[in-house]
Amino acid sequence: MQRVDAVERVLRRTTLASGALLALGIVPAALAGSRLASAASFDEFVRDVRADESALPAVQPGQRLTHASSWSIGTGDPFAAPIGARGETRTALEIAHEGRSLLSFAQDAAWTQLPDCTDRASFATRTARLEVDPAFHAVVRVWLHRPAELVGTDSGRRGALEVDAWLFAGPGASTVELLASDSMNHSSSASGAEPSALSALAECLDPTQDLPPQGMQFRIRAWTRLTHARHPGGTTGIGRAPAEFHVSTDEFSYELSCTRTEGDGSPNPSSYAETRTLKRSWKVDVKTPLGREHDAADAASFQYEVF
């Protein structure tokens, strides 16, 4: 009698465990299916919710350096100086979704130095590229920190160039603003951490999550200290703070990159690249009970992707 009871207990536990494992497969798939049925696609979200620009800091009148797309100080055009007789740097930013380019931007800076001296004779910056997807508009702010110190005595290691690019959902004119700052303090804000596998599973199990009311927004910020200088003992390179990447929602895949180069105008400058990417995809496999492989073959797996 005791042996029969023991066998019954084992069978009961086995049945409960099998049911629990099956539920772990079926319930996430069912909930993910509900989420997929009600979720907006990337294009729908971008089209239906124009991004809120209230987070964009206001620009004071005295901060505007020029209304043109380029600015220079000193004697001569450093971009026209021969290769090897100038220093230059480029900050290139790219934002994409599933291989589709949303923003491609590049800002160049160049300078020349006085003979036998690290002091700069001239400095200039210009926008080399601004390409924006028609469903978005960009606000790019290029800050020159202490621009008056970029040429003259002890200028070789002074000043900084900051590119702060915002991309907002909604069509409209894209702008590049050249701004001046008297501060050399660089305050960075933490870039949002990429979602973990556990948080992705939690989102899959919760089909009620909402997309952000502020709409689809991207931001890349790159701060570069203009310390590049040639001197008798060698060369000092530019200083780079880590690039900052911000995205308003992790519901959709994205690829963000910041590449900074420096050189003397020759075809092979040194390059430093930083990226942040997210491939938004879940896959839940539901095992079919024994003996029902043919009946439930179509329900054996479930793929949830929002791109």
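Just one of the listed residues (207, 232, 289) is modelled with pLDDT under 90, open to solvent by 60 Å² or more (accessible area, probe 1.4 Å) and either farther than 23 Å from residue 102 by Cβ or hydrophobic (A, V, I, L, M, F, W, C) (or both), namely 232.
I'm trying to understand the selection: among the residues of the range 153-172, which are outside any helix (DSSP H, G or I) and among the basic types (Lys, Arg)? Listed by number, the list holds a single entry, 158. Is it true that residue 142 is crowded, with 22+ Cβ neighbours inside 10 Å, assigned to a loop (DSSP other than H, G, I, E, B) and in contact (Cβ under 8 Å) with a residue 24 or more places away in the chain? Against the criterion (crowded, with 22+ Cβ neighbours inside 10 Å, assigned to a loop (DSSP other than H, G, I, E, B) and in contact (Cβ under 8 Å) with a residue 24 or more places away in the chain), residue 142 does not qualify. Looking only at residues in the range 252-270 that are part of a loop (DSSP other than H, G, I, E, B) and touching a residue at least 60 places away in the same chain (Cβ under 8 Å), the one that is surrounded by the fewest Cβ atoms within 10 Å (Cβ to Cβ) is 266.
Considering every residue within the range 31-47, establish whether at least one is modelled with pLDDT of 95 or more, under 27 Å from residue 275 (Cα atoms) and assigned to a loop (DSSP other than H, G, I, E, B). No: the range 31-47 contains no residue that is modelled with pLDDT of 95 or more, under 27 Å from residue 275 (Cα atoms) and assigned to a loop (DSSP other than H, G, I, E, B). Counting the residues of the range 116-125 that are of a type in the set (S, T, N, Q) and open to solvent by 10 Å² or more (accessible area, probe 1.4 Å) gives 1.
Of all the residues in the range 147-186, those that are at pLDDT 95 or above and at positive phi number 2. Within the range 212-224, residues that are farther than 13 Å from residue 276 by Cα and open to solvent by 10 Å² or more (accessible area, probe 1.4 Å) sit with their Cβ atoms under 6 Å from residues that are at pLDDT 95 or above and not in a loop (DSSP other than H, G, I, E, B), at 6+ positions apart or across chains, in these pairs: 217/168; 223/162.
Quick grid of which residues meet (1) modelled with pLDDT under 95; (2) open to solvent by 20 Å² or more (accessible area, probe 1.4 Å); (3) in contact with a Pro (Cβ under 8 Å, 6 or more places away or on another chain):
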| position | (1), (2), (3) |
| --- | --- |
| 73 | no, yes, yes |
| 76 | yes, yes, no |
| 86 | yes, yes, yes |
| 100 | no, yes, no |
| 110 | no, no, yes |
| 114 | yes, yes, no |
| 127 | no, yes, no |
| 132 | no, yes, no |
| 136 | no, no, yes |
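Note on the range 154-189: among residues that are closer than 16 Å to residue 133 by Cβ and open to solvent by less than 10 Å² (accessible area, probe 1.4 Å), the one that is farthest from the chain's Cα centre (by Cα) is 170.
The values are calculated or read from the model by the stated rules, or taken from the named source; none is laboratory data. Source: prediction; values computed, not measured. Cβ atoms come from the backbone with ideal geometry, glycine included; neighbour counts cover every protein chain shown. These area figures cover heavy atoms from the full protein model, side chains too; ligands, DNA and RNA do not enter into them. Shrake-Rupley method; radii C 1.70, N 1.55, O 1.52, S 1.80 Å.
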